[in-house]
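Quick notes on the structure that follows.
The values are calculated or read from the model by the stated rules, or taken from the named source; none is laboratory data. A quick note: this is a predicted structure, and the numbers were derived from the prediction, not measured. Glycine also receives a Cβ, built like all others from the backbone with ideal geometry; neighbour counts cover every protein chain displayed.
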Amino acid sequence: MKSKLMATAAFICLLCCSTATAQWPLQTYGVQNEWEVEVGARILDRPSNNDAAGLSLVTIEPTKVTVFSGADAVDLNSSIGADFRFMRKTNYDFSWEVRGFFNRWDNFESRSGDLRSPLFTPEILPEFSNPNQFDYAYDSQLFSIELTCKKAIRPGCNFLIGPRYVDFDETVTVDSTFVNPFIPNFAVDLSTFNRTHNSMPGILFGLEIRRPLTRDIFFSGGVKGSLLANFSSTDTTTDSSIVGSPAVVQSTIFEDSKSAAAGLYELTARLHYDIAPGNVSCYAGYDAFWLDAVAIAPTQIREAFGPPAQLNTNNTTFVHGLSFGLMVRAGGAGSRRAY
């Protein structure tokens, strides 16, 4: 997957360094105090691409058929989130840009029957190994904000560098009801909760291009790579109670923290249409992100029940989807052509 990203980056570099064939200027540099504001949204999907996707987490007795797999655990629905950007030119070659986005995903799965789930067997009553109800709730949030210095290295092509902060926060809750077949009307509710948090400051490098396709339509795109310091943490707790009793036994199964390197790789391609040439345009495009060396909650809750328990930051999360919005340009003097 990373090799495809590098190949795409090479293609974009070749494109931005090629000779222009359009009949109007590729770049009409704005003057000092020109600015752009972009407000939009991203519809992003998080497919199952984790190493744990093939795991059998819950089976049904006595056939041993898997009814809840690792793929079910890490798959999430599509999410629509906010996307914003503010850019200000400071002179003919430099500009500063603030960009951020936020997306949140969730998923809920429920299984019933004579289930077997060794990962969530109650410690207080280990003979209760077959839950007859299994509810799984997964919530994930991704937030990114960056301050980028953009240097024009040739008309229509900018080099990007600047600080970036990424926050990746996940929770998983597993609720199970365990029934003892030898004691009538006696059951135990077990709720297992895990929160895994990745706080990642770092530095961003990238390349951005803009090229005209027609007089009113232009293309923008680029590649970015961010080297991040991942300050990750995790904690797993359980709440146990006898059905019908108000007493709850709470215990911490595992908690840990870790500092390590992580990476975020980004590919963007968009088409813009000038509604009011030089001032207002709308856009639609495609975005893809690879978040590498992070901890995710489904894998971590499994680690908490598998000795030796440890914080696992060896996961790669892939997110991709569509983006759309509106861009407004103003300020300065003379032409503000988007190219």
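Check whether at least one residue in region 187-206 is at pLDDT below 95, polar (S, T, N, Q), under 29 Å from GLN300 (Cα atoms) and not in a strand (DSSP E or B), and report yes or no. Within region 187-206, not a single residue is at pLDDT below 95, polar (S, T, N, Q), under 29 Å from GLN300 (Cα atoms) and not in a strand (DSSP E or B). For LEU55, the criteria (1) surrounded by fewer than 18 Cβ atoms within 10 Å (Cβ to Cβ); (2) at pLDDT below 85 hold in every case but one, which is (1). Filtered by the rule that a residue be assigned to a strand (DSSP E or B) and either surrounded by 14 or more Cβ atoms within 10 Å (Cβ to Cβ) or within 25 Å of the chain's Cα centre (by Cα) (or both), region 102-114 gives PHE102, ASN103, ARG104, TRP105, ASP106, ASN107, PHE108, GLU109, SER110, ARG111. Exactly one residue out of LEU228, LEU213 is among the aliphatic types (A, V, I, L, M) and touching a Gly at 6+ places or on another chain (Cβ under 8 Å): that is LEU228. Go through (1) closer than 27 Å to TRP35 by Cα; (2) modelled with pLDDT under 95; (3) part of a strand (DSSP E or B) for ARG99 and report which single condition fails. With respect to (1) closer than 27 Å to TRP35 by Cα; (2) modelled with pLDDT under 95; (3) part of a strand (DSSP E or B), ARG99 is out only on (2).
Only one residue in ALA247, ALA262, ALA309 is modelled with pLDDT of 90 or more and either part of a loop (DSSP other than H, G, I, E, B) or of a type outside the set (Ser, Thr, Tyr) (or both), so which one is that?
Numbers: ALA247 fails: modelled with pLDDT of 90 or more; ALA309 fails: modelled with pLDDT of 90 or more.
Result: ALA262 is the single residue among ALA247, ALA262, ALA309 that is modelled with pLDDT of 90 or more and either part of a loop (DSSP other than H, G, I, E, B) or of a type outside the set (Ser, Thr, Tyr) (or both).
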